[in-house]
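Everything below concerns the one structure shown next.
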Amino acid sequence: MQFLIRSLFLTLLSLSITNAVSAGKIYAFDLPRQPLATTLNSLANISGAKLMYVDNVVENQQAASLKGSFTVAQVLDQVLDKNRLKYEMVDNSMILIKQKEPDPVHMPEVKVTDTMDSNSPYSSKYKVSNASTATKTKTPIMETPMSIQVVPKSVLNDQQAFRLEDALNNVSGVFPQQGFNQVESFNIRGFETFDYYRDGVRFQSALTQSGSRETANLERIEVLKGPASLLFGRIQPGGMINLVTKKPQAAPYYSVQQQFGSFNTFRTTADATGAVNSSKSLLYRLNFAYEDKGSFRNSVDNHHFFIAPVVQWKISDRTQITAEMEYKTGKSTPDFGFPAIGSRPANLPIQRNLSEPFASSRFDEYQAGVNWSHAFNDKWEIKHRSNFQLTNQNDNAVLPLGLQADNRTMDRFFAGFRGNKTETYTTSLDLTGTFDTFGIEHNVLMGGDYFHFKNSGTLIDNFTFPSIDILNPVHAGTSVREPADDFYINSTEEWFGLYFQDQMKLPYDLHLLAGFRYDNAEIKASDTFAGITNSLKSQQERISPRVGLTWQPIKELSFFGNYVENFGVPNIFAAGLNGQPLRAETAEQFETGIKTELFDGRFGATVAWFQLTKQGVATGHPDPALASRGFSVQTGEARNRGVELDITGEILPGWNVIANYAYTNSEITRANDITQGNSLPNVPKHAGNIWSTYSFQNETLRGLKFGGGVTLRGKREGNRENDFQMPGYTLVNLMTSYGMKFGKTRVTAQLNVNNLFNKEYFPSSIGFGRNRIAVGLPRVFLGSIRVEY
């Protein structure tokens, strides 16, 4: 592997050529009709010219096809004139592009960069102005009446964040829950979720158990706060995490990065994109990752291999089809952390593992998808997407049962999956269009989706497993199953939904969003134990509305509010007096806030107040005798309300910041047990994060960057009973990097130090019981070398 990396590095260096441009030199071009920004990128790549312009100058502009031999000036004359743009030669290699007529928005200070838009592989922008997760349309965040936050790849690169848990520290109100190193679970606005979305397609983490999500092929992470079921089906109401993947680019780009750090961390990633044919109608992108790392925890290690090819065919300037695939295979170690003693996590050495050395999980994950779109004209477009995911997983785990009265003897049991298999199929069809009625501009979305998820496997266990002394552990357990305890599981979940949404531009700078969704959902589950099979089934229909209003009196400021209802998770394992499963949970949210966008869109902030209530939660029957027999009623309720602040963007040239703060008041408002009035687990009342970097702008220090940040978390309850707490903590992180150019090749060396002061902390718990508390990472050094061409 090291020989391969060294060879790639030398090959990229050998390809670097310094290419000066002069106005009289002729170049060969063969470019299709495409967005103006793409044509300008191609011009820069072919001629070596450095083009300077502000993104909104070329946004939504088209360039005609171009074939033949031309000078740079001739190309610019052809592609700019029809778009009412002009150019000025600053010197023999720099060209300034601007509007012919004065732009009502003052141009910011122009500086030479190697990036032309926020999706460029070279982009260093922290601020993203558009996100499609909230509306499935190209709506500016300032006009979206919901709170939505974006973490772009430039932030991930600066922080060397290759775990979602680390990346989502940059978003207010999002906190990890313990996933015992096999699943990813997050708490958003006080409610847990095991689901994340990839380009709007749902993936279920709880049962796939294929380790941490790979981030090598991510362009950005978008987080929609509050209920998202109107466009994406049943989901927990706190919010939605959408992973936006990297797309093929016409301009060629190649990179290799080698990361290395504490606890034998070794990680290699590669990214390549470009055109396959001369007309640039066939594009590709390939991302690769290999990761092998140990842990500060005894007998814990992880490794995986990941590859993600994408091919896009631009059939015409109105039609495209994209095929994509992901494959990941690897091994992880289940780790359940520490138990609680009294009201705090046990005071043990952080490296102590209370499991056994044989504990491990092996997994394979396959994902394939096809999406296509066709624009009938400039106003109407149809999009279709289909995805398939298959996972296979087997594991051996040692799970804690509880501490004995001496507070040192931990009872445990052995368990694992054999043939844990999941199959997920999703498809969606969307039609979007714009039209006017009585002076009101409409942007409508109508569509439907179908989701099918199946899980099957065998759960093995052995409860005659040796206990362990947590103060003086001796690891004597063996992975011997008790065949009589084998438990066969099989579940199927499917739903289809229809939705409609209308975004209206009203007089007086008002933007109204209104929509609804119809869901028809069914879940079936069965288990077989000792030859006896039990089956459950739940089927439900629901219509959920959403309405939001934005007032944008000036370009830099908008006020928003919304009311949203949510179709939540099924209560299939909670039975009423009739023996049938209870109906699904529901939720409603009220939200209002203010957004601002300053410095010509380079800096933005959102402050939001919300009240989010989950209803229809299963709770024990008020009659203790019936509750003891397992009967439940659907009167439980939990409410989270609070204030969130998010800030991101460029304060001064070279100075970027992304920061957030969340105040969350969490309460179980209705329950037929002692939990009523308590806080939900893993929800700090106060939490915040700030990260900032500065890239030197003067010629002497150009390429040098420094940065750092602080993460703060308040005290959190460990379970719904609130009988133990995880103390608050503060972490300090630092980074520095230096980039050098060799012709067209850029080489960047970087060093990050996380948890600088080696703080001991507990980031999360499993949310129930007292025996599964995650142990936080100690001080970590992470270095990297990245070569880009």
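Every listed requirement among (1) open to solvent by less than 10 Å² (accessible area, probe 1.4 Å); (2) under 30 Å from residue 379 (Cβ atoms) is met by residue 174 save one, (2). Cβ-Cβ distances below 6 Å connect the following pairs, each with a first residue in segment 745-770 that is without any contact (Cβ under 8 Å) to a residue 24 or more places away in the chain, a second residue that is open to solvent by 10 Å² or more (accessible area, probe 1.4 Å), and a separation of six or more residues or different chains: 758/778; 758/779.
Against the list (1) outside any loop (DSSP other than H, G, I, E, B); (2) more than 30 Å from residue 599 (Cα to Cα); (3) not polar (S, T, N, Q), the condition residue 584 fails is (1). Within segment 653-677, being farther than 17 Å from residue 125 by Cα and open to solvent by less than 30 Å² (accessible area, probe 1.4 Å) holds for 660, 662, 664, 666, 668, 671, 675. Within segment 491-508, which residues are open to solvent by 70 Å² or more (accessible area, probe 1.4 Å), among the hydrophobic types (A, V, I, L, M, F, W, C) and at pLDDT below 95? 496 - this is the single residue of segment 491-508 that is open to solvent by 70 Å² or more (accessible area, probe 1.4 Å), among the hydrophobic types (A, V, I, L, M, F, W, C) and at pLDDT below 95.
Number of residues in segment 218-249 that are part of a strand (DSSP E or B), under 19 Å from residue 501 (Cβ atoms) and touching a Pro at 6+ places or on another chain (Cβ under 9 Å): the value is 2. Being charged (D, E, K, R) and either outside any strand (DSSP E or B) or open to solvent by 60 Å² or more (accessible area, probe 1.4 Å) (or both) is a description that does not apply to residue 364. Of all the residues in segment 299-313, those that are assigned to a loop (DSSP other than H, G, I, E, B) and surrounded by fewer than 17 Cβ atoms within 10 Å (Cβ to Cβ) number 1. Just for segment 250-290: of the residues that are outside any strand (DSSP E or B), more than 18 Å from residue 749 (Cβ to Cβ) and in contact (Cβ under 8 Å) with a residue 60 or more places away in the chain, which one is most open to solvent (accessible area, probe 1.4 Å)? Among those residues, the one meeting the criterion is 278. Taking the conditions (1) crowded, with 21+ Cβ neighbours inside 10 Å; (2) within 30 Å of residue 629 (Cα to Cα) in turn, residue 564 satisfies each one other than (2). The set of residues from segment 426-448 being touching a residue at least 24 places away in the same chain (Cβ under 8 Å) and of a type in the set (A, V, I, L, M, F, W, C) comprises 429, 431, 435, 440, 444, 445, 446.
Looking only at segment 314-338, residues that are under 18 Å from residue 299 (Cβ atoms) and assigned to a loop (DSSP other than H, G, I, E, B) come to 5 in all.
Looking for something acidic (Asp, Glu) and open to solvent by 40 Å² or more (accessible area, probe 1.4 Å) - is there at least one such residue anywhere in segment 535-552? Yes: segment 535-552 contains one or more residues that are acidic (Asp, Glu) and open to solvent by 40 Å² or more (accessible area, probe 1.4 Å).
Scanning segment 513-533 for residues that are in a strand (DSSP E or B), of a type outside the set (Ser, Thr, Tyr) and either crowded, with 16+ Cβ neighbours inside 10 Å or more than 29 Å from the chain's Cα centre (by Cα) (or both) turns up 513, 515, 517, 519, 521, 523, 524, 525, 527, 529, 532. Could we say that residue 424 is surrounded by 18 or more Cβ atoms within 10 Å (Cβ to Cβ) and not aromatic (Phe, Trp, Tyr) here? Yes: the conditions hold for residue 424. Regarding segment 388-405, can at least one residue be identified that is crowded, with 16+ Cβ neighbours inside 10 Å and closer than 30 Å to residue 32 by Cα? No. Taking the criterion of being over 29 Å from residue 639 (Cβ atoms), open to solvent by 20 Å² or more (accessible area, probe 1.4 Å) and small (Gly, Ala, Ser), the only residue of segment 192-232 that qualifies is 212. Pick out the one residue from 52, 107, 89 that is under 37 Å from the mean Cα position of the chain (by Cα), modelled with pLDDT under 75 and more than 28 Å from residue 550 (Cα to Cα). Matching residue, one of 52, 107, 89: 52.
Count of segment 27-48 residues, restricted to those that are closer than 26 Å to residue 742 by Cβ and either aliphatic (A, V, I, L, M) or touching a helix residue (DSSP H, G or I) at 6+ places or on another chain (Cβ under 6 Å) (or both), is 7. Open to solvent by 40 Å² or more (accessible area, probe 1.4 Å) and either free of Cβ contacts under 8 Å to residues at least 60 places away in the same chain or hydrophobic (A, V, I, L, M, F, W, C) (or both), is that true of residue 452? Considered against the rule, which asks whether it is open to solvent by 40 Å² or more (accessible area, probe 1.4 Å) and either free of Cβ contacts under 8 Å to residues at least 60 places away in the same chain or hydrophobic (A, V, I, L, M, F, W, C) (or both), residue 452 comes out as yes. Put simply, of 334, 345 the only residue that is at pLDDT 95 or above and under 27 Å from residue 768 (Cβ atoms) is 345.
This table checks each residue for (1) hydroxyl-bearing (Ser, Thr, Tyr); (2) closer than 30 Å to residue 53 by Cα; (3) modelled with pLDDT under 95.
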| site | (1), (2), (3) |
| --- | --- |
| 574 | no, no, yes |
| 600 | no, yes, yes |
| 606 | yes, yes, no |
| 611 | no, no, no |
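Here's the yes/no breakdown for (1) among the small types (Gly, Ala, Ser); (2) open to solvent by less than 50 Å² (accessible area, probe 1.4 Å):
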site: 747; (1), (2): no, yes
site: 752; (1), (2): no, yes
site: 755; (1), (2): no, yes
site: 760; (1), (2): no, no
site: 767; (1), (2): yes, yes
site: 772; (1), (2): no, yes
site: 777; (1), (2): no, no
site: 781; (1), (2): no, no
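Whether any residue in segment 683-699 is polar (S, T, N, Q), within 30 Å of residue 125 (Cα to Cα) and more than 29 Å from the chain's Cα centre (by Cα) is what I want to check. Looking through segment 683-699, at least one residue is polar (S, T, N, Q), within 30 Å of residue 125 (Cα to Cα) and more than 29 Å from the chain's Cα centre (by Cα). Pairing each residue of segment 127-148 that is under 13 Å from residue 231 (Cβ atoms) and outside any loop (DSSP other than H, G, I, E, B) with any residue that is open to solvent by less than 10 Å² (accessible area, probe 1.4 Å) and charged (D, E, K, R), provided the two are 6+ apart or on different chains, yields C-beta distances under 8 Å for 148/222; 148/225.
Checked against (1) open to solvent by 20 Å² or more (accessible area, probe 1.4 Å); (2) part of a strand (DSSP E or B), residue 296 passes all but a single condition, namely (2).
Of everything listed in (1) at pLDDT 95 or above; (2) open to solvent by 20 Å² or more (accessible area, probe 1.4 Å); (3) over 25 Å from the mean Cα position of the chain (by Cα), the single unmet condition for residue 724 is (2).
The values are calculated or read from the model by the stated rules, or taken from the named source; none is laboratory data. None of the values given here were measured: they were computed from a predicted structure. Every residue, glycine as well, gets a Cβ built from its backbone with ideal geometry; the counts of neighbours run over all protein chains shown. We work out accessible area using only protein heavy atoms, side chains counted, and drop any ligands, DNA or RNA first. Shrake-Rupley method; radii C 1.70, N 1.55, O 1.52, S 1.80 Å.
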